[in-house]
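Only one structure is covered here, and it is reproduced in the block below.
The values are calculated or read from the model by the stated rules, or taken from the named source; none is laboratory data. This is a predicted model, so every value here is computed, not measured. Cβ sites come from the backbone with ideal geometry, for glycine too, and all protein chains shown count toward neighbours.
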Amino acid sequence: MARFEALEVALQLVRSVGKLLPRIRRHNAKLAQQITDAVAAVPANFAEGAHRQGRDRLYLYNVAGGSAAEVRAHLAVGVALGYVPEADTLEADGLADRVVGMAWGLTHTRR
């Protein structure tokens, strides 16, 4: 199978966020579930998009980027509410930012 860097980075994001979820869940199970749903959607949409053509592909890549942006927002809420220190979210935030950029590149590059 060909290497798809966006999918690989998305899976790194899932692993990084997964380390934060137990602490967030202790304070707010609903927020932890929202983060889980959003982060799981990122690699799922990249993988599905990779096997689609045309507008379907672009739509799914856009959804992946939107879900990564959602993860960033939820983590910022967790920090703002004092559930996790900001320093502990930097890796996940950086990966999510990278995914957003990759999704943008995939949807705005002429092929």
Residues being assigned to a loop (DSSP other than H, G, I, E, B), more than 21 Å from Val77 (Cβ to Cβ) and touching a residue at least 24 places away in the same chain (Cβ under 8 Å) - total across region 1-28: 1
Filtered residues of region 50-78 (kept if over 30 Å from Arg26 (Cα atoms), at pLDDT 95 or above and touching a helix residue (DSSP H, G or I) at 6+ places or on another chain (Cβ under 7 Å)): Leu60, Tyr61, Asn62
Near pairs, Cβ below 7 angstrom, 6+ apart or cross-chain, from region 79-93 (over 14 Å from Ser16 (Cα atoms)) to any residue that is modelled with pLDDT of 95 or more and acidic (Asp, Glu): Val79/Glu86
Which numbered condition Leu58 misses (of (1) under 11 Å from the mean Cα position of the chain (by Cα); (2) surrounded by fewer than 21 Cβ atoms within 10 Å (Cβ to Cβ); (3) farther than 16 Å from Val17 by Cα; (4) not basic (Lys, Arg)): (1)
Residues that are closer than 18 Å to Lys19 by Cβ and surrounded by 16 or more Cβ atoms within 10 Å (Cβ to Cβ), drawn from region 61-78: Ala68, Val71, Arg72, His74, Leu75, Gly78
